[in-house]
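Any read-out appearing in this document is the output of simple, stated calculations on the displayed coordinates, not a laboratory observation. None of these values were measured; they are calculated from a predicted model. Cβ sites come from the backbone with ideal geometry, for glycine too, and all protein chains shown count toward neighbours.
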Amino acid sequence: MEKTIKFGVIGCGLMGREFASASMRWLHLQTDLPRPQIIAACSRTDKSLDWFRRVPDTRYFYHDYHELLENPEVEAVYCAVPHDQHAQIYTDIIRSGKHLLAEKPFGIDLPACRSILDAMREHPQVFVRCSSEFPYYPAAQQLFRWYQEGFFGRVIEARFTIKHASDMDLNKPINWKRQLKTNGAYGCMGDLGIHTQHLPFRLGFRVDSVSAQLANLVPQRPCGDGFAPCETYDNAILLCGAHNAAGDRFPMVMEMKRMAPGCTNTVEYEIYGLDGSAKFSTEDANAVWYTRNQGREQAWSRLMLGQKTLFPVITGGIFEFGFSDAMLQMFAAFIAELCGEPCAFGCFRPDEALLSHQLLTGALRAYETGSVVRFD
Ligand SMILES: NC(=O)c1ccc[n+]([C@@H]2O[C@H](COP(=O)([O-])OP(=O)(O)OC[C@H]3O[C@@H](n4cnc5c(N)ncnc54)[C@H](O)[C@@H]3O)[C@@H](O)[C@H]2O)c1
C-alpha cells in the first residue's frame, strides 16, 4: 500500500499554493519517501481557500485553524501566515501534537521565536522545521559539498544575498509585508533574512559581531483611494564578523533587499578561500562558478550542473533546475527527516531560527544606535 503523510495547510496564499503544487509532483521524485497528501486547508478568505478545491487530495476546508488542528486525520501542518500570527498558530500546532513545517521568520521577533521553542520543549515528539528552499539549488548543494571536502581552505570572506525589485514600482499597493504590525520591526530582514542564513549557518559559520545599514526608501504606498504608511525597512546590508569551526575569522556580508534595481528574486551565495573560491547566483541558476588558487593569477570556471539534485528525480540530468524544483527538494528533505531517512542537507532548524533572530535583533540595534553589536 502507498505510504502517505496527511497534511493540513494553514494560510492558503502565495506559499500555501506553492506547497500544495509541490505535493502534487511527488511522482517526480525517485525515492520511497511517503507521499504528502494535503487533506485539509484553512485560510481566512474564501478566495484563497477556494483555490484548494482543485487539489485532488483536499477534502476538509476551514476558516478557523483550531478546527483543522482538531481533525485527528491531520498528521502534519504547513503554516504560511503573516508574521504577527506565527507565535500563536505555531505553538497551537505544536501543542496539538502535529508536526510542523513553519514559514520564516519563525516568529515576528526574538520573544516570539523563543515562545515557539518553549512549546517545542514541552512536546519533544513533534518534528518542527522552517521553510527555506534556495539552498536546494544544485549549485548551492555543490558549494556545501565543496566546503565539507575542504575545497576553500582558510575562508577569506563570504557573502549571501537576496534581492527583489518588485517594490521599485512605487505604485505597488501596500500589503502586510510592508507594515510594522503584521511584518514586524525587522522589515525586509524578517521577510528575507533566512534565505541568506540557511547555508552559512549549516556550514557552521557563526556571527561574532554585526553592524548594519538599513533603509526605508518608500515611506508610503497606495492603499485604496489614498496612501498608507509603509513603515518597514526596504533594504538591509549586514556586515558581520564571523568564524567557522576551523577557527578562521572573516567578514560575512548579508544583503536583504526589496528594492534592488534589475532583480526579480536574485539569490547569491559566494565563498572566497585561500585555496579555492566559488559562487552561485539564481541569475545563472544551473551553473556554479569556481576558481582554485594557483598563485598570482586565478581564472573562474563555469561548471554547469543541471538536475544534480539532493534527492534523485525523473528529469534528465541535462535539463535546467528552477524554483518549483527547489520547493520539491525542500519538501522531500522535510519528509525524509520526519521519517528518520537519510538527508544530507536538512531543512532550516529551530535552533538556527533562534540564531537568525539573535542576529536580526542585533542588526536592528546596531543600525539604530550606530554601533557594532557583539555576540557572546
Ligand atoms: N519560503 C519562501 O520563499 C517564502 C516566500 C514568500 C513568503 N514566505 C513566508 O510565508 C508566509 C506567508 O507569506 P505569503 O507570501 O504566502 O502570504 P500571503 O499573504 O500570500 O498568504 C497568507 C495567507 O494566510 C491567510 N491567513 C491569514 N491569517 C490566517 C489565519 N489566522 N488562519 C488561516 N489563514 C490565515 C490569508 O488569508 C492568506 O491567504 C510568511 O511567513 C512569509 O514570510 C516564504
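Where in the stretch 168-189 is the amide nitrogen less than 11 Å from a point lying 7 Å along the Cα-to-Cβ axis of residue 228?
The answer is 173-183, whose backbone nitrogens lie closer than 11 Å to the label point.
Of the cross-linked pairs 6/104; 98/172; 181/257, which ones have a Cα-Cα span greater than 29 Å in the structure shown? Don't skip to the answer; put the middle values down first.
On the way: 6/104 22 Å; 98/172 38 Å; 181/257 20 Å.
With Cα atoms farther than 29 Å apart: 98/172.
Net charge within 12 Å of residue 298 by Cβ-Cβ distance, Lys/Arg positive one each and Asp/Glu negative one each, not counting residue 298 itself?
Numbers: positive: 292, 296; negative: 275, 297.
For residues surrounding residue 298, the net value is 0.
Could you size up the charge dipole of the chain around its Cα centre, putting +1 on the beta carbon of Lys and Arg and -1 on that of Asp and Glu, and report it in debye to the nearest 20? Don't skip to the end; give the middle numbers.
Working: 38 positive and 43 negative charges, 71 e Å.
That gives a dipole near 340 debye.
Among 298, 56, 233, whose Cα lies farthest out toward the positive end of the dipole of the chain, if unit charges sit on the beta carbon of Lys, Arg (+1) and Asp, Glu (-1)?
298
Over 41 Å apart: what share of the alpha carbon pairs of the chain falls there, rounded to a whole percent?
11
Using +1 at the C-beta of Lys and Arg and -1 at the C-beta of Asp and Glu, which of 127, 82, 276 has the Cα lying farthest in the positive direction of the dipole of the chain?
Of the listed residues, the answer is 276.
How big is the dipole moment of the stretch 1-149 about its Cα centre under a simple scheme where the beta carbon of each Lys and Arg is +1, that of each Asp and Glu is -1, and everything else is neutral? Debye, nearest 20, please.
300
Only helices at least 15 Å long along their axis, Cα-based, and averaging -0.5 or more on Kyte-Doolittle count here, so list those DSSP H runs from the chain.
110-122, 188-202, 323-338, 350-369
Which of the GluC sites (Glu not before Pro) found in the stretch 266-362 are loop residues per DSSP with 15 or fewer other Cβ atoms within 10 Å of their Cβ?
297, 320
Rank the residues 198, 357 as a footprinting-exposure proxy: fewest other Cβ atoms within 10 Å of their Cβ go first.
357, 198
Using a Gaussian network model of the chain with C-alpha springs under 10 Å, which one of 278, 246, 366 is most mobile by mean-square fluctuation?
Highest fluctuation among the options: 246.
So how much slack lies between residue 265 and residue 45, counting 0.36 nm per residue of separation and subtracting their Cα-Cα distance, in nm?
76.5 nm
What is the ratio of the Cα radius of gyration of the stretch 163-243 to 2.2 N^0.38 Å, where N is its residue count, to two decimals?
1.27
Can you tell me how much longer the chain between residue 95 and residue 218 gets when fully stretched, taken as 0.36 nm per residue apart minus their C-alpha distance, in nm with one decimal?
Working: separation 123, 0.36 × 123 = 44.28 nm, distance 3.99 nm.
Result: 40.3 nm gained on full extension.
Taking neighbour counts of Cβ atoms within 10 Å as a proxy for exposure, in what order, fewest first, do 282, 196, 291 appear?
Values: 282 22, 196 28, 291 16.
By the 10 Å Cβ count, ascending, the order reads 291, 282, 196.
If you add up the charges near residue 49, with Lys and Arg at +1 and Asp and Glu at -1, over every other residue whose beta carbon is less than 12 angstrom from its beta carbon, what do you get?
Charge balance near residue 49 sits at +2.
Could you list the GluC sites (Glu not before Pro) in the stretch 8-110 that lie in coil according to DSSP, counting only those with at most 14 other Cβ atoms within 10 Å of their Cβ? Mind showing how you got there, number by number?
Details: sites: 18, 67, 70, 73, 75, 103; in loops: 73, 75, 103.
Listed in order of number, the matching sites are 73.
If you keep only loop residues by DSSP, which chymotrypsin sites (Phe, Trp or Tyr not before Pro) in the stretch 240-323 have at most 15 other Cβ atoms within 10 Å of their Cβ?
Here the sparse-neighbourhood loop sites are 300, 319.
For residue 376, what is the net charge nearby, where nearby means another residue's Cβ is under 13 Å from its Cβ and Lys, Arg count +1, Asp, Glu -1? The partial results should precede the final answer.
On the way: positive: 206, 374; negative: 208.
So the environment of residue 376 carries a net charge of +1.
If the chain between residue 293 and residue 351 were fully stretched, how many nm would it gain, using 0.36 nm times the residue separation less the Cα-Cα distance?
Going from the current span to full extension adds 17.4 nm.
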